[in-house]
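Below is one structure, written out as C-alpha cells, with a few remarks after it.
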Amino acid sequence: MRVVFVHGACVKDGSWWWHRAAELLAERDVASEAPALPSCGETGEPTSLQGPGLAEDVAAVRRVLTASDEPTVVVAHSYGGIVTAEAAAGVEAVRHLLLVSSYLPEVGQSLSSFGGREPAPFLDFDPGGGTFTVRPDALAQTFLQDCGPDIQRQAMAKTARQSLAVLGQPVQSAAWQHVPTTYLVCAQDRGTPAELQREFAGRAGSVVELNTGHHPFLSQPAAVRDLVLSL
C-alpha cells in the first residue's frame, strides 16, 4: 500500500504539509508522496490568469498515480479534491479516496462552483497578476489555530501564489463516484465551515469527523495515520 497526498490551494511543498502523518505511516512501512502542483508554481512555470491551471495539476497527479500498480490511497486536501476527482478517474491502482475538508465535484463543476458571492476574507486576489493566495495575517488563525507556533511559523514560508485560472476550470470526471470514498470533516475548521463540509460529505460513502482545524495531518497526525491505515 502507498499513499499519495494532494495538497490544497495556495501552498507549495506538499511533502512538508504532509510530513507529520508521513513519518508515522513510514513507521508502519507505508510509503507516501506528494505531487507538485503546477498551478501553485511548484514546477517552475510562472503562475498567471492563463495558467498553469487545473489540467496541468490533474496531469501531474495522474502521472504519480499511474507510475505504480501498488494499491493506493489518495488523501486529497481542500482544493486537492478538485484535482483528485479527475486525476484518479480510471486509475486501477487507486483503491480509496480520503477527502479532508475538501470538495467532491460533479462533472462540470469547478472550484468557483463552491464559492460564495463575495471573496473569502482570508484570501488576497491580484487580478492584474492573475494570482491569489492566503493573506499572511490570516493564515495561522484561519487554518492552523490548533497547531503549535513552530508549525505556524514554518507554514508561512510554504504558501504560494496560485493561478486564478484554476477557479473556473471544470472537472471532466468524478472519481469519487466510482472509487470507495471517505470524507474527513474537520469540525473546528475556520476556512471551510464544518456545516459546509458535512454537505460535501453527503456525497461520500462514509464520513469521519475529527475535532481539528483545516490541517489535521499537522495537528493530529496520529489520528490521520490511523484513519489511513483503516482504509
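Readers should treat all values here as calculations from the given coordinates under stated rules, not as data from a laboratory. A quick note: this is a predicted structure, and the numbers were derived from the prediction, not measured. Cβ coordinates were reconstructed from backbone atoms using ideal geometry, including for glycine residues, and neighbour counts include every protein chain displayed.
Let me check I've understood the local charge: for V107, count other residues with C-beta under 15 angstrom from its C-beta, Lys and Arg +1, Asp and Glu -1. What total comes out? Write out the running numbers ahead of the final one.
Details: positive: R203; negative: E86, E106.
Computed value for this residue: -1.
So how far apart, in nm, are the two label points at A93 and A140 if each is 7 Å from Cα heading toward Cβ?
Going from the A93 label point to the A140 one covers 3.9 nm.
Got a sec? How would W16, W176 order by Cβ neighbour count within 10 Å, fewest to most?
Neighbour counts put them in this order, fewest first: W16, W176.
Once the Cβ-Cβ distance between V207 and A26 is put in as r, and R0 is 30 Å, what FRET efficiency do you end up with, to the nearest 0.05?
Efficiency for this residue pair is about 0.65.
Any idea what log10 I(q)/I(0) is at q = 0.18 Å⁻¹ for region 3-135, Debye with uniform C-alpha scatterers and no solvent?
Rounded to two decimals, the profile gives -1.03.
I want to verify the translational diffusion coefficient of the chain in µm²/s; compute it with Stokes-Einstein, Rh as the Kirkwood radius over Cα pairs, at 37 °C and 0.692 mPa s.
190
Among residues other than Q188 whose Cβ falls under 13 Å from its Cβ, what is the net charge (Lys/Arg +1, Asp/Glu -1)?
Surrounding charge for Q188 is -3.
From the residues S101, V91, A194, which one has its Cα farthest along the dipole of region 62-203 in the positive direction, the dipole being from +1 and -1 charges on Cβ of Lys/Arg and Asp/Glu about the Cα centre?
Checked the options; the winner is V91.
At a 10 angstrom cut-off on C-beta neighbours, averaged per residue, how do the peptides 169-175, 94-100 rank from highest to lowest?
Averaged packing, sorted descending, gives the order 94-100, 169-175.
With a 10 Å radius around each residue's Cβ, average the other Cβ atoms per peptide and rank 131-144, 73-86, highest first.
Result, highest mean first: 73-86, 131-144.
Can you pull the Rg over Rh of region 94-231, Cα-only, Kirkwood?
Working: Rg = 15.7 Å, Rh = 16.2 Å.
Radius of gyration over Kirkwood radius for region 94-231 works out to 0.97.
Quote to one decimal, in nm, the extra length available between R153 and E118 on full extension: 0.36 nm per residue of separation minus the C-alpha distance between them. All intermediate terms of the calculation are to be shown ahead of the outcome.
On the way: separation 35, 0.36 × 35 = 12.60 nm, distance 2.87 nm.
Gain on stretching R153 to E118: 9.7 nm.
When M156, M1 are ordered from fewest to most other Cβ atoms inside 10 Å of their Cβ, what list results?
Numbers: M156 12, M1 17.
Neighbour counts put them in this order, fewest first: M156, M1.
Would you mind counting up the charge near T47? Only other residues with Cβ under 12 Å from its Cβ, with Lys and Arg at +1 and Asp and Glu at -1.
With Lys, Arg at +1 and Asp, Glu at -1, the neighbours total -3.
Label points 7 Å out from Cα along the Cβ direction at Q50 and S68: separation in nm?
Simple spin-label model gives 3.7 nm for this pair.
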